[in-house]
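These notes are about the structure you will find just below.
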Amino acid sequence: MTHRILIVDDHRDIIRLLHSALDSLEHDFDIIEAPSGEEAFLEVSRSKIDLAVLDYLLPGMSGLELMAKISARNPEAQTILISGSKKRKIRKELREAGAFAFFEKPISLTDFLDAVERSLELERTVLPTEEDDESSDAHKNMSGLLAKFRQNMDAQVIFLLSDQGHVLARAGSLTDSSLEASLLSALMGIFRAGQKVSGYIHQETPLSYHIFPGGDQDILLVPVNHTHALIVAGEELAARKKVLDLTDALMMLKSEVEHVLNAMGVSRPSAEEMNKYLEEEDVPEELIEDEITSGELDALFKQKTKIQTSEIKSFWDDAVDAQQIQEVDADKLSYEQAHQLGLTPEDNT
């Protein structure tokens, strides 16, 4: 079944980006593009669409006005809103407009594509569902373990992730699942930084806990071992009366999760492997040393030579001339570009 998707944005590069991202999915889409609300509504008047991806700020009518017109004419159509506005009032208005999802620019393409699949009730190929995680007995045990914990602790969602950011198991869903990939990616960056600190201070088992209270929901990040972490989200999880019980429960859950990971054939890295990882991540001291010595700086500050306006203008003219960019023909490739793409004949001499 072909699904018709309308993309409306007055920036051509945004349309191309979203169009290309949709083409990467293995679904049958008929994608229509429009640079304004008026042209988009003409398309909707000709035939029905299944999903509208609308920018808020458009020439003529706004994205919200267009959304209302599309809904009146085609009530079954879903809408995804996007905006680059930094005004809190506008962002709040867009979140509460009744669209399936809302994204701020720059857009996380992973989250965007997952929202498209969910809005059209397609098979989810971008982010796994709980059912996708249950491909073996070990995965079923893990999912059941997380689901039981989530129920007992009254959490909204709990994830088990690898240090590469892969979701190995999950129970529940985030309040705003359209931001799942972006949120998990940021949290795993914190996890990896914590593992480096644990390695530097020679912790056999990482014991860092990260708590993010307030906002739409509280979030806890807890390492299971050096390569896996648990992420728990829910309302008031970080409240003083609850957070201590929750951390105690997480300590017990950690050992059970490690047991299931072993059953899945996932082993923790050895001390030698962790040391090698840390060494590879370290920046050599010689690369971060100051290029100018303190003596040279003192000499510079002691100079009292007055710089003339003509000298400043001459400096910038020379700088601009030195940075002249050659015009690029988008329809042509240089020999070097072709060589990098493997399009040049091999040199057999």
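Points worth noting:
- When the criteria are applied in full, L160 meets the requirement of being under 14 Å from L250 (Cβ atoms) and touching a residue at least 24 places away in the same chain (Cβ under 8 Å).
- Criterion violated by L18 - all others in (1) more than 23 Å from the chain's Cα centre (by Cα); (2) among the aliphatic types (A, V, I, L, M); (3) not in a loop (DSSP other than H, G, I, E, B) satisfied: (1)
- Those residues of segment 56-98 which are aliphatic (A, V, I, L, M), farther than 17 Å from A34 by Cβ and not in a helix (DSSP H, G or I), in sequence order: A97
- Meets criteria (within 28 Å of L127 (Cα to Cα), touching a Leu at 6+ places or on another chain (Cβ under 9 Å) and in contact (Cβ under 8 Å) with a residue 24 or more places away in the chain) for I70: no
- E76 being acidic (D, E), more than 20 Å from the chain's Cα centre (by Cα) and over 22 Å from A181 (Cβ atoms): yes
- Apart from one condition, E26 fits all of (1) surrounded by 13 or more Cβ atoms within 10 Å (Cβ to Cβ); (2) within 26 Å of the chain's Cα centre (by Cα); the exception is (1).
- Selection from segment 69-92 of residues that are modelled with pLDDT of 90 or more and exposed (fewer than 15 other Cβ atoms within 10 Å of the Cβ): A72, R73, P75, E76
- A249 meets all of the listed conditions (1) small (G, A, S); (2) free of Cβ contacts under 8 Å to residues at least 24 places away in the same chain; (3) farther than 30 Å from S119 by Cβ but one, namely (2).
The values are calculated or read from the model by the stated rules, or taken from the named source; none is laboratory data. Note that the coordinates shown come from a computational prediction; the quantities given were computed from them, not determined experimentally. For neighbour counting, all protein chains shown are included, and Cβ atoms are generated from backbone atoms with ideal geometry for every residue, glycine included.
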